[in-house]
Amino acid sequence: MNAHRCPNDHLTYPGHARCPDCGEPQDDTVSLADRTAEIVTWTTSTATPPGVRQPNHLAIVEFDVDGQPVRALGQLTTDDVDIGDTVTPVHVDELRDPDAGIREPESQNWDGYRFEPA
Ligand SMILES: [Zn+2]
């Protein structure tokens, strides 16, 4: 998972073609995969779209990249967490069930990251 950076050092996750802050192209990336983040808030969704696990634990987490905060929304591996806990991204092959979608499974990327207590 990569945050994207513009020439003016603004960071976002996910990335955008142009920086939401200043409009410059975001042509640099910073890997977040080996960093830790802090849980800003989290919730559990019990009514999820087809193919998404139920219940689904979701969190907004904040990475500190050289003093600059970068927030990301993602799934948690567990509901045994509190606001302020430190988590680390873990790669999973399937964030959703490829067989439950309306799209051709081969046309999509199913892998991604969940956040696990560090
Ligand atoms: Zn910018």
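Any residue at all in segment 54-71 that is at pLDDT 95 or above, open to solvent by less than 50 Å² (accessible area, probe 1.4 Å) and in a loop (DSSP other than H, G, I, E, B)? Scanning segment 54-71, I find no residue that is at pLDDT 95 or above, open to solvent by less than 50 Å² (accessible area, probe 1.4 Å) and in a loop (DSSP other than H, G, I, E, B), so the answer is no.
Let's see how each residue does on (1) within 11 Å of the ligand (Cβ to nearest atom); (2) in contact with a Pro (Cβ under 7 Å, 6 or more places away or on another chain); (3) within 30 Å of Asp82 (Cβ to Cβ):
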residue	(1), (2), (3)
Ala3	no, no, yes
Arg18	yes, yes, no
Gly23	yes, no, no
Arg35	no, no, yes
Glu38	no, no, yes
Ser45	no, yes, yes
Gly51	no, no, yes
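Note on segment 61-104: residues that are more than 17 Å from the chain's Cα centre (by Cα) and aliphatic (A, V, I, L, M) total 2. In segment 108-118, what residues are surrounded by 12 or more Cβ atoms within 10 Å (Cβ to Cβ) and out of contact with any strand residue (DSSP E or B) (no Cβ under 8 Å at 6 or more places or on another chain)? If the condition is that a residue be surrounded by 12 or more Cβ atoms within 10 Å (Cβ to Cβ) and out of contact with any strand residue (DSSP E or B) (no Cβ under 8 Å at 6 or more places or on another chain), then Trp110 is the only one that fits.
Consider segment 74-107 and keep the residues that are of a type outside the set (Lys, Arg), at pLDDT below 95 and open to solvent by 90 Å² or more (accessible area, probe 1.4 Å). The one that is farthest from Gly15 (Cα to Cα) is Asp99. Looking only at segment 37-49, decide whether some residue is within 16 Å of Pro117 (Cβ to Cβ), acidic (Asp, Glu), open to solvent by 80 Å² or more (accessible area, probe 1.4 Å) and in a strand (DSSP E or B). Yes, some residue in segment 37-49 is within 16 Å of Pro117 (Cβ to Cβ), acidic (Asp, Glu), open to solvent by 80 Å² or more (accessible area, probe 1.4 Å) and in a strand (DSSP E or B).
The values are calculated or read from the model by the stated rules, or taken from the named source; none is laboratory data. Quantities reported herein were computed from a predicted structural model and do not represent experimental measurements. No Cβ is skipped: glycine too gets one built from the backbone with ideal geometry, and neighbour counts run over all protein chains shown. Just the protein is used for accessible areas: all its heavy atoms, side chains included, with ligands, DNA and RNA removed. Shrake-Rupley method; radii C 1.70, N 1.55, O 1.52, S 1.80 Å.
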